[in-house]
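Beneath this line is the structure, given in structure tokens, with notes to follow.
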Amino acid sequence: MPLGLNSPQIVLLGVNHNTAPVEVRERLSLSGSNTPALRLFAELPSCEEVVFLSTCNRVEVLVSTNRLDEIRESITKLWLDRGKMDSNTLQGALYEYHGTSAIRHLFRVASSLDSMVVGEPQILGQLKDAYRMASEAKTAGLVLNRLLHKAFSVAKRIRTETRIASHAVSISYAAVELAKKIFGDLTGKNGMLIGAGEMAELAAQHLIAGGADKLVVANRTLSRAVELSRSLGGSAISLEEVGDALVDADIVISSTGAPGIILSKDQVKRIMRPRRHRLLFFIDIAVPRDIDPKVNDIDNVYLYDIDDLKGVIEFNKAEREKEASKADRMVEAEVIKFMAWMESLNVVPVIQHLQEKAEAVRQKEILRSHKVIESLNDEQQKAMDVLTRSIVQKILHDPIVYIKKGAQKKNSEMILDAACSLFGIDGLEDTQKLQDKCLSDANQDKTIRKPSPN
Amino acid sequence: MHKFLFQITVFIYFVSTVGFLVHIITLRKDAERIATVVLSVGFGFHTAAVLMRWFVGGHPPLVNLHDSLSFLAWAMVGSFLLFQWRCKLKSLGAFVIPFAMIIMTASSFQSKEILPLPPVLKSIWLPIHAIICLFADAVFALAFCIAIMYLLQERQIKKKRLGAVFQRLPSLETLDAMNERCLTVGFPLLTLGIVTGSIWAEKAWGSYWSWDPKETWSLITWFIYAALFHQRLTVGWRGRKAAIMTIIGFAVLVFTFLGVSLLLSGAHSYATWLK
């Protein structure tokens, strides 16, 4: 009887932006192949369950396997054959995680702790896609289903309970976040673009998403201004009209290619009275700068140039890193919980065996008394059957509950051993030992190669 | 009994203060929630203490410095709770509640004995005038805290220091709007306080206005807030200037409240009596 021996192991192999250049990642994604990569991995005899994740920054194969010794070889072989690359490059870039460390790595990836920009939200969606493909292709089973669902919930918790994603790390987004700290709500605020550059357009889109109302585009060539204002849903003016239009503007994003300053301190000072001293926020992302830096000295006027915004981003990145260590602690706690569940899988065969043995005993005893039993009528025979069954069940109930509970505890092995010897489950001792050996090996985090720290 | 209630209130306010400070330092949301609940409980005890004192003394407990300070803190906490319920302002508690706590501490050092009311103060105008004035003071105290927050935040943004302080304070425009809201409540109250005081003065002393120091300084305070109110409405004064003006107004208010009673003598200070 195959007991415990086949307890599944989680293994993760892959490369990411830290360990492999983009050419390697491209090849490993196996996108050129006719058969989907997921199918190729699923066809490997050593793969019980598999999820294949391929994004622009990482390629990872997550498997649940019963053949720990073969898995690395068969996966790398597949990669080498299909990806057409040399062994040394792959071995140099590949990382491999087993058991606890594989779970930890997956949780960190899902929570965007392993990303190039910590906290960026896309990876979770990509992982969800990868999982959906796996579950549609039925390559994810009991273990990976649970593991992935856990990863999603861990990621969600980290996103809500830490501030890992709450600091803007792009120029245009940082600018809008700042605007929110000045104006609170952007609803009803008027934006103005001076110059119609790409970055300004991006920031304008963020402004509109943030609730900003009207948008005015001023540009040297009016046609471009008209074009952009149409796509953003605003109006266009010429550069000469900027001075007057400032009276109604609240957030001004300037990005012209002008060689010198196009908006002086006096110009801005003059419009403060007509605008009844309402707050005015300038974002100058042009190099060289468009707006006189002294504008920042005017009351209720705030001017940020590209370097200021870069400073904000640097600061925000550092904040995210700080939050990341908090997130890592949360990951650690979840990894331990998941391992406990994995280990509880070991008790299933023991319980099965216990029930089978009890049933065998019951059958045997009934057979022994078959002469008496056959003399009874149908109804009585049925009652006899029910009676014996329920005696067996009642007797086994407490031990089974105890074993199930014990599996979550540290001394689960001892409890399993005790259960086996108490009920004299044949041959189990040997298989059990084998299984334990497998498990403890896996638990020692046989990480063959860890990615270099960033 | 009222002394005991008062002491419990001080203790509960202290716990709440700690809660608000923990919140602003660690940004833990539960700390703020607990602090608000604790504060509400404290406010209940405080209300009971004031009512008990009124009942025991037989006259409104608004006569000596202990009473006035205690009532001021009560009005501040009440306004704060109302304010937070209507329009939640991030981190406001960490500014207002420690301030209320200081006022309570100052109050607890004053004599808590209930003395018989001097005959001249026996009037229905005593609670009307005093309660209106103290509420005006409380609302301006709130405005003062908001103005301080505005100046702090303004400085962070102007100097491009977007660190811990920046993250913890609300946006400039929100703070400015709240400052304005306090002004639109506080200023009519202050005006009403001076008018009721004047009516009472006519009944008690026979003249509406006798230029005693308290009256004079009340008028100065009134003019400062009137100027701020006027400038806001007409020229659109806001932001930094409005915040500075709010702080100046409050400084004068504090002098009117404390300085005049303690330093200058006049008809309003029955020895160390009223206010």
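The values are calculated or read from the model by the stated rules, or taken from the named source; none is laboratory data. Keep in mind that what you see is a predicted model, and the values were worked out from it rather than measured. In this analysis, Cβ positions are derived from the backbone assuming ideal geometry, glycine residues included, and neighbour counts consider all displayed protein chains. We work out accessible area using only protein heavy atoms, side chains counted, and drop any ligands, DNA or RNA first. Shrake-Rupley method; radii C 1.70, N 1.55, O 1.52, S 1.80 Å.
Computed from Cα atoms, the angle from the helix B:29-57 axis to the main principal axis of chain B rounds to 0 degrees. Checking the Cα-Cα distances for A:Lys128/B:Lys88; A:Lys181/A:Lys337; A:Lys180/A:Lys326 against a 29 Å cut-off, the pairs over it are A:Lys128/B:Lys88; A:Lys181/A:Lys337. When the C-alpha to C-alpha distance is required to be over 32 Å, the pairs from A:Lys322/B:Lys160; A:Lys150/A:Lys404; A:Lys156/A:Lys317; A:Lys357/A:Lys382; A:Lys269/A:Lys317; A:Lys310/B:Lys29 that qualify are A:Lys269/A:Lys317. Calculated mean residue ellipticity at 222 nm for chain A: -18000 deg cm²/dmol, from DSSP H runs with n ≥ 4 weighted as -39500 (n - 2.57), summed, divided by the residue count and rounded to 500.
Per-residue Karplus couplings for segment A:90-101, computed as 6.51 cos²θ - 1.76 cosθ + 1.60 with θ equal to phi - 60°, are listed in order as 5, 4, x, 9, 6, 10, 9, 10, 10, x, 3, 6 Hz, Gly and Pro entered as x. Based on the Kirkwood approach, the hydrodynamic radius assigned to segment A:171-310 is 14.5 Å, with every pair of different Cα atoms included. For A:Lys77, the lysines whose Cα falls under 24 Å of its own Cα, not counting residues fewer than eight places away in the same chain, are A:Lys138, A:Lys446, A:Lys450. For B:Lys122, the lysines whose Cα comes closer than 24 Å to its Cα, not counting residues fewer than 8 places off in the same chain, are B:Lys3, B:Lys112, B:Lys203, B:Lys214, B:Lys275. Couplings 3J(HN,Hα) of segment B:166-180, computed from phi: 3, 5, 8, 9, x, 6, 4, 5, 4, 4, 5, 5, 5, 4, 4 Hz, in residue order, whole Hz [Karplus 6.51 cos²θ - 1.76 cosθ + 1.60, θ = phi - 60°; x for Gly and Pro].
DSSP bridge analysis restricted to chain A gives an antiparallel fraction near 50%, rounded to the nearest 5. Scaled to the globular estimate 2.2 N^0.38 Å, the Cα spread of segment B:1-117, given as radius of gyration, is 1.08. With θ taken as phi - 60° and the Karplus curve 6.51 cos²θ - 1.76 cosθ + 1.60 applied, the whole-hertz 3J(HN,Hα) list for segment B:67-74 is 4, 4, 5, 4, 5, 4, 4, 4 Hz, x standing for glycine and proline. For segment B:71-213, the C-alpha radius of gyration sits at 1.29 times the compact-globule guess of 2.2 N^0.38 Å, with N the residue count. Note the angle between two axes, namely the Cα long axis of helix A:378-407 and the longest principal axis of the Cα atoms of chain A, as a number of degrees from 0 to 90, rounded to the nearest 10. That helix lies at roughly 50 degrees to the long axis. Modelled spin-label separation between B:Ile8 and A:Val247, with each label point placed 7 Å from Cα along the Cα-to-Cβ direction: 6.2 nm. Working from label points 7 Å from Cα in the Cα-to-Cβ sense, the A:Lys214 to B:Tyr208 distance is 4.7 nm.
For the protein assembly as shown, a crude dipole built from +1 on the beta carbon of Lys and Arg and -1 on the beta carbon of Asp and Glu, taken about the Cα centre, is about 1480 debye to the nearest 20.
The distance linking segment A:268-339 with segment B:191-220 is 51 Å (Cα centroid to Cα centroid, whole angstrom). Amide H contacts for A:Asn219 (H built 1.01 Å from N in the peptide plane; partners 5 or more residues away or on another chain; cut-off under 5 Å): A:Gly195, A:Ile237, A:Leu239. The angle between the Cα long axis of helix A:306-344 and the longest principal axis of the Cα atoms of chain A comes to about 10 degrees, rounded to the nearest 10. Distance between the 7 Å Cα→Cβ label points at A:Leu345 and A:Glu332: 2.5 nm. Per the Kirkwood treatment, what hydrodynamic radius in Å, one decimal, follows for the protein assembly as shown from the mean inverse distance over all distinct Cα pairs? After inverting the pairwise mean of 1/r, the radius is 32.4 Å.
The B-A contact accounts for roughly 2200 square angstrom of buried accessible surface, both chains included, probe 1.4 angstrom.
For the pair A:Arg132 and A:Glu374, what calculated FRET efficiency results from E = 1/(1 + (r/R0)^6), where r is the Cβ-Cβ distance and R0 = 60 Å, to the nearest 0.05? E between A:Glu374 and A:Arg132, to the nearest 0.05, is 0.55.
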